[in-house]
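The values are calculated or read from the model by the stated rules, or taken from the named source; none is laboratory data. Here the structure is a predicted model, which means the values were calculated and not measured. For neighbour counting, all protein chains shown are included, and Cβ atoms are generated from backbone atoms with ideal geometry for every residue, glycine included. Calculation scope for accessible area: heavy atoms of the full protein, side chains included, ligands and nucleic acids excluded. Shrake-Rupley method; radii C 1.70, N 1.55, O 1.52, S 1.80 Å.
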Amino acid sequence: MGNNKPSIPKGTRDFGPDEMAKRNYIFDTIKEVYALYGFQQIETPAMETLRTLMGKYGEEGDRLLFKVLNSGDYFKGITDEELQERNTLYLQTKLCEKGLRYDLTVPFARYVVMHREELQMPFKRYQIQPVWRADRPQKGRYREFYQCDADIVGSDSLLNEVELMQIVDTVFQKFGVNVQIKINNRKILTGIAEVIGESEKIIDITVAIDKLDKIGIDNVNEELRNAGIAEDAIARLQPIIAFQGSNNEKLDTIAEVLKTSETGLKGVEESRFILNTLQAVGLHNEIQLDLTLARGLNYYTGAIFEVKALDTPMGSITGGGRYDNLTGIFGMPGLSGVGISFGADRIYDVLNTLDLYPKDAVATTQLLFINFGDKETAYCMPLVAKARAAGIRTEIYPDKAKMKKQMTYANTKNIAYVALAGDNEMAEGKVTLKNMATGEQLLLTADELIETVNKQ
């Protein structure tokens, strides 16, 4: 083949049978839980118009969108002068009307606006599809990756936040992964900024507080000073930086610090409702109020959440929050929503590291019929059909190969049982069933064979 060895684009992956079995287990588990809560699945096209996509993710996002060339003669309507000027951005708008979606949220917003007449509100949708970003590929960052989102739009009720936390709790319980759910509220952060009069410094503040465990309170205060935060503001932050105790005790402390901020107190009240309701229904995993959580601040307006695995170091494996204006970008204001996104790739790694895939999730063929020749194959084919009808994953080796080769095939594919039928078996109307793990062989009727394999 020389140098013509095929390759795939940087930042993309092939998924082989084993990986697909594991990925399907992840997606199927999540879908199952979504369905329990009344969420319905939608899909949107891989390509959206650039009008839909551009300007929604900030300047960086516009740059990282994969653009798709118009079909046909895409130079039509472009002058030689325009070509020679080589103004990439301008030419892109002429040559490309479409792009690959960058996330699932903007397509969802577009979907809601286009279909609002037939949608029943509140609308609970989930969507599991790949997205594309022309990012620099690095470990754990891909140019094509799956997002797994659920959103409820058209309802301001905090019961939606409660349900999403129950969904997260249930999903990770099913996976057998211990997690910590962290929750915060955008309004609390706004309140803190208001009270200390440093609204543009809120990120600096959360970043500094986040280091408390690593560097201690004196160094945190030093970092706040270096960020240009006034001494009296730092003094006012002390109870919050160092606070201990239960979620409710923490909320009491925050409420005290934020007593002059209407927005801040609203955030405290929202968090209290979510946490108290969850406490009443009971969660399997721990949920913790964490003021250092500040995801996507320009986007979220209420509760924000993040989920971390406890038994293996890994970034956030699920996140989300409440936003006020999903569809405003398409001229339909005032539609509030709350959503979560499961990080499928990270969950995949966590389940791998902790070896938590159930055996039947990655199950392969259970039974292989050996091929001894035409006459024997003719005898086996009805038995193969009967085994499949009984729900047994069954193969017959297609070629009259050497026995050793067929056995190697069974071993490599981890097939539990091999069935052999030669002259003796055919004369008795039976087959020999070999258990590949123990080496035990039994002479059985078709019904006994099915019963034995199904017992496994």
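Summary table
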item: Extension gain (nm, one decimal) between D447 and L283, 0.36 nm per residue minus Cα-Cα; result: 54.4 nm
item: Signed unit charges on C-beta, dipole axis of the chain, positive-most listed residue Y37, L251, P6; result: P6
item: Per-bin percent of Cα-Cα distances, segment 1-86 [10 Å]; result: 11, 19, 31, 25, 10, 4
item: Selection from V431, L289, F273 lying farthest towards where the dipole of the chain points positive, charges on Cβ; result: V431
item: Degrees between helix 374-389 axis and first principal axis of the chain (Cα, 0 to 90, nearest 10); result: 40 degrees
item: Spacing of the two label points (7 Å from each Cα toward its C-beta) at T260 and N352, in nm; result: 5.3 nm
item: Rounded, prolate or oblate (a/c below 1.5 giving rounded, otherwise prolate when a/b exceeds b/c) for the chain by Cα gyration tensor; result: prolate
item: Set of aspartates and glutamates with alpha-carbon distance to K22 below 14 Å, sequence-local pairs under 8 removed; result: D14, D345, D349, D355, D360
item: Extreme residue, positive dipole direction of segment 367-455, given options C380, A390, Y409 (C-beta unit charges); result: Y409
item: Relative contact order (%) - criterion: Cα under 8 Å, at least six apart; region: the chain; result: 14 percent
item: Among the listed pairs K201/K266; K201/K259; K31/K187; K98/K187, those beyond 28 Å (Cα-Cα); result: K31/K187; K98/K187
item: Protein accessible area in the chain, 1.4 Å probe - carbon and sulfur %; result: 50 percent
item: The chain: angle of helix 105-114 to the longest principal axis, Cα-based, in degrees nearest 10; result: 90 degrees
item: Gained length - K174 relative to I215, 0.36 nm times residue gap less alpha-carbon distance; result: 11.1 nm
item: Normalised per residue, the volume of the convex hull around the Cα set of segment 213-258 (Å³); result: 73 Å³
item: Helix 262-281 axis, angle to the chain major axis (alpha carbon atoms, nearest 10°); result: 30 degrees
item: Contact order relative to length of segment 288-406, as percent, for alpha carbon pairs under 8 angstrom and 6 or more apart; result: 16 percent
item: Loop-exposed GluC sites (Glu not before Pro) per DSSP, neighbour cap 16 Cβ within 10 angstrom, longest uninterrupted part of the chain; result: 119-439
item: Residues D232 and T365, FRET efficiency given R0 of 56 Å [Cβ-Cβ distance, rounded to 0.05]; result: 0.20
item: Cα extents of segment 206-339 along the three principal axes, largest first (Å); result: 46, 38, 29
item: Kirkwood Rh and Cα Rg combined as Rg/Rh, segment 306-409; result: 1.34
item: For E286, distant residues with modelled amide H under 5 Å away; result: V179, I181
item: In Å², nearest 10: area of V257 left accessible to a 1.4 Å probe; result: 30 Å²
item: Overall form of segment 367-455 per C-alpha gyration tensor (a/c, 1.5; a/b vs b/c); result: rounded
item: Cα-based shape type of segment 8-51, given that a ≥ b ≥ c are square roots of the gyration tensor eigenvalues and the cut on a/c is 1.5; result: oblate
item: Estimated distance in nm for a label pair at R136 and E249, the labels positioned 7 Å out from Cα along Cα-to-Cβ; result: 4.5 nm
item: Additional length obtainable on full extension of the chain from M314 to K10, 0.36 nm per residue less Cα span; result: 107.1 nm
item: Sparsely packed trypsin sites (Lys or Arg not before Pro) within segment 193-261, loop by DSSP, other Cβ within 10 Å at most 15; result: K211, K259
item: Two-site FRET efficiency, V68 against K404, from Cβ-Cβ distance with R₀ of 41 Å, rounded to 0.05; result: 0.20
item: Only Lys, Arg (+1) and Asp, Glu (-1) charged, at Cβ; the chain dipole about Cα centre in debye; result: 1320 debye
item: Percent antiparallel among DSSP beta bridges (both partners in the chain, rounded to 5); result: 80 percent
